[in-house]
Amino acid sequence: MAPKPQQKKSSGSASTKRKTNPTHKSDGQVSNFKKPKLSSNPKKTINSQNKVGSQPSKFPKKEYQKPHAEKGEVEDSKKQARLRSKELAQARKKNRKKHYTLEQELALLWEKMRRRNISKEDRSRLVSEAVKKMQGKISEIARSHIASRVLQTCVKHCTQDERNAVFTELRPHFISLASNTYAVRLVTKLLDLASKEQLAEFISSLHGHVASLLRQMVGSLVIEHAYCLGNASQKQTLLMELYSPELQLFKDLVTMKQNRLEDIISKLQLQKSSVARHMTSVLQPILEKGILDHSIVHRALLEYLDIADKFSAADVIQQLSGPSFVRIIATKDGSRLGMLCIRHGSAKDRKKIIKGMKGNVEKIASDKFGSMVLVCILSVVDDTKLVSKIIIRELEKNLKELILDQNTRRPFMQLLHPDCTRYFNQDDMASLSLSIPSLKANGEPDDEEANEQDKDGDSDGDIQMNEGGKKDPFKRRQELLVDSGLAEKLIETCSEMAEVLLKSKYGREVMYEVAIGGSDGILHPTLDEKLLELYEAIASIAAQPKVEGEEHILEQFHSSRTIRKLVIDCPSFATALWEKALKGNCAVLAKGHSSKVISAFLETSDSAVKKLAVKELQPLIKSGDLSLPKPNESATDK
């Protein structure tokens with residue numbers, strides 16, 4: 001078939017289709033036009049659209065490039081740009097900061113006055129110059145990061161008259177400065193160096209602002225600082241701000257003897273419920289924000305738990321349990337607050353408290369107040385597996401150092417001899433016996449830690465009414481001390497460092513309790529063999545000859561008294577010591593502190609021990625070389 005004429009096709013299409021491109025060479029001829037493809041390069045797309053009907057070039061046209069400037073010119077231009085930007089920044093700071101120029105001058109003076117190798121005369125001259133420059137503007141520039149640090153240095157090294165002038169100028173602005181991130185350090189520095197009159201004036205200026213400042217992370221630092229520096233009356237004044245508006249009105253009627261909130265309420269005949277409601281509104285925001293490091297907050301919470309109902313008290317305990325618990329037990333009141341949480345907390349709360357201590361047990365044990373919290377846990381918590389896993393295991397890691405320290409030995413002493421007044425003073429015993437009135441146990445305590453934490457299925461609505469666990473105290477001690485392996489490691493450590501422990505003021509007490517087998521003979525008969533090895537180790541040291549210039553273990557003050565107590569109270573040890581160290585040497589050892597050890601063989605109530613020594617000691621007594629102690633002397637002399 002012959003093809004149709006091309007002319008007819010073009011004329012027909014022209015009548016029916018819209019012209020998309022007017023580029024025709026002539027009538028009856030259509031150009032070879034192709035729609036350009038879209039490209040990711042915008043320049044390439046523009047070029048292809050401008051040059052219709054042409055293919056993109058394989059060799060694109062090179063753009064014009066400026067000739068490279070010389071290296072020196074480039075560096076000069078960059079330097080000028082930096083200088084211009086610096087000038088612009090300084091101009092903006094001058095417009096934004098009212099005292100920018102003054103701050104720059106003070107910064108230069110500060111760099112000189114804070115040097116260590118500067119003389120006192122030069123420093124005092126620079127400080128006086130800086131104080132004169134700031135005079136009249138101190139309250140404004142104290143909020144600046146640089147100027148506040150300059151002021152701190154000036155307050156530290158200036159004269160008393162200059163310090164008084166700074167205090168007087170800042171007096172109307174203390175509340176606003178206490179809330180400023182930079183000025184707060186200046187305020188605390190002023191309080192450290194303030195006189196008694198100035199401190200009293202500052203505390204009186206806080207009237208009506210204590211609760212609001214305690215809700216701030218920055219402002220609470222000032223309140224805590226003033227609370228720690230104040231005397232008993234001033235502390236009570238700050239605490240009254242948190243109690244109730246009525247108490248603030250009638251605070252002059254309260255004497256210092258009535259420092260407890262319950263006594264104050266009973267004297268002023270106030271409603272306990274209204275005071276509790278007000279304290280809830282004050283303390284709840286503080287708990288929610290986690291501002292729990294301050295001793296004034298700990299004291300306020302303790303007083304609140306004394307008057308709170310059981311639901312409010314249980315809610316506070318629940319909020320304090322967990323990782324934040326570690327932060328509250330470093331103060332005296334915080335430690336007591338922590339012990340109340342352990343005694344009255346639910347099984348779930350106790351589990352959270354113990355797990356929150358993970359990794360911090362040794363640090364807690366080294367603290368005077370934190371160690372008592374560990375003592376409370378070892379005395380109350382029935383979940384001995386959890387306590388052994390976290391607390392006992394961390395205490396075992398550094399056993400040699402812990403048993404030599406006054407604070408860190410306390411958990412071990414509580415397991416070896418619970419609630420002994422030789423190792424815990426009256427204040428410690430009072431802390432261990434504290435309880436919350438609304439949560440006192442009226443019935444049977446709960447099951448053993450709610451059947452091992454009730455598989456974390458505790459109901460949040462349940463309120464713990466017990467003040468301890470159900471487990472027998474002796475069984476709890478045995479599981480924590482013997483079954484956990486702690487007692488065996490204690491005996492091995494005592495054998496290894498026997499001489500060091502016996503000569504130590506606090507380590508000798510651990511040695512004594514371990515050597516006699518603990519209270520109620522808790523280490524017998526399981527560890528009798530290990531104890532015999534310990535007796536042999538002590539006897540071997542005592543059998544060593546005296547070295548000139550060194551104190552023998554039977555002559556040293558602490559060790560001689562500890563060995564004497566062991567001879568009286570532990571017949572097995574007395575027999576081992578006599579056979580290995582003292583037999584045949586009594587005439588030499590009957591002088592000095594060692595005579596106390598020798599005479600102990602005649603004081604013991606064990607007839608077998610007396611029989612060992614009486615034959616050798618009787619001639620020494622007749623000759624006057626050995627004297628027996630008077631009857632009023634304690635057989636357990638420290």
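Quick check on region 210-320: take the gyration tensor over C-alpha atoms, sort the square-rooted eigenvalues as a ≥ b ≥ c, and tell me if it's rounded (a/c under 1.5), prolate or oblate. Oblate, since a/c reaches 1.5 and b/c is not below a/b. Surface analysis of region 115-211 yields an accessible area of 52 Å² per residue, using protein heavy atoms and a 1.4 Å probe.
Taking all protein chains as they are arranged and a probe of 1.4 Å, the heavy atoms of residue 343 leave approximately 40 Å² accessible to solvent. Rolling a 1.4 angstrom probe over region 531-638 with all protein chains present gives an accessible area of which 52% lies on carbon and sulfur atoms.
Can you figure out the FRET efficiency of residue 614 with residue 246, using R₀ = 51 Å and their beta-carbon distance, to the nearest 0.05? Efficiency at R0 = 51 Å is approximately 0.10. Residues of region 180-206 falling in the label zone of residue 289, defined by backbone nitrogen less than 14 Å from a point 7 Å along Cα to beta-carbon, are 180-181. Computed on protein heavy atoms with a 1.4 Å probe, the accessible areas place 311, 369 in the order 311, 369, largest first. The alpha-carbon atoms of region 548-620 define a convex hull whose volume equals 81 cubic angstrom per residue.
With θ taken as phi - 60° and the Karplus curve 6.51 cos²θ - 1.76 cosθ + 1.60 applied, the whole-hertz 3J(HN,Hα) list for region 384-393 is 5, 5, 5, 5, 5, 5, 9, 7, 5, 5 Hz, x standing for glycine and proline. Take region 279-394 with all the other protein chains still there, run a 1.4 Å probe, and you get 32 Å² of accessible area per residue. Amide H to amide H, with H built 1.01 Å from N, residue 382 comes under 5 Å of 449, counting only residues 5 or more places away or on other chains.
The label-point distance for residue 551 and residue 426, in a model that sets each label 7 Å from Cα toward Cβ, rounds to 3.1 nm. The tail of the calculated P(r) for region 561-600 beyond 17 Å holds 21 percent of all Cα-Cα pairs. The distance separating the Cα centre of region 347-385 from that of region 117-131 comes to 51 Å. Rounded to the nearest Hz, the phi-derived 3J(HN,Hα) couplings of region 283-295 under the Karplus curve 6.51 cos²θ - 1.76 cosθ + 1.60 (θ = phi - 60°) are 7, 4, x, 5, 5, 5, 7, x, 8, 10, 8, 9, 5, where x marks glycine and proline.
When a/c reaches 1.5 or more, the comparison of a/b and b/c decides; with that in mind, is region 310-370 rounded, prolate or oblate per its Cα gyration tensor? It is oblate, given that a/c is not under 1.5 and a/b is not larger than b/c. Computed over protein heavy atoms with a 1.4 angstrom probe, the accessible surface ordering of 612, 287, largest first, is 612, 287. Each residue was assigned an accessible area with a 1.4 Å probe, and for residue 87 the value is about 120 Å².
Under a 5 Å amide H cut-off, with hydrogens placed 1.01 Å from N, residue 517 pairs with nothing among residues at least 5 apart or on other chains. As an equivalent ellipsoid, region 512-584 spans semi-axes of 23, 13, 10 angstrom, where each value is the square root of five times an eigenvalue of the C-alpha gyration tensor, largest first. Step through the table entries 272/355; 132/189; 272/351; 475/580; 98/196; 505/610, compare each Cα-Cα distance with 27 Å, and write down the pairs that go over it. From 272/355; 132/189; 272/351; 475/580; 98/196; 505/610, over 27 Å: 272/355; 272/351; 475/580; 98/196; 505/610. At full extension, residue 215 and residue 168 could sit 14.2 nm farther apart than now, given 0.36 nm per residue minus the alpha carbon distance.
Tally up the carbon and sulfur contribution to the accessible surface of region 100-191 as a whole percent, 1.4 Å probe, everything protein left in place. The C+S portion of the solvent-accessible surface of region 100-191 is 47 percent.
The values are calculated or read from the model by the stated rules, or taken from the named source; none is laboratory data. Bear in mind that the values here come from a model prediction, so they are computed numbers and not experimental data. Note: ideal-geometry Cβ built from the backbone for every residue, glycine included; neighbour counts use all protein chains shown. Accessible surface is based on the protein model in full, side chains and every heavy atom, while ligands, DNA and RNA are left aside. Shrake-Rupley method; radii C 1.70, N 1.55, O 1.52, S 1.80 Å.
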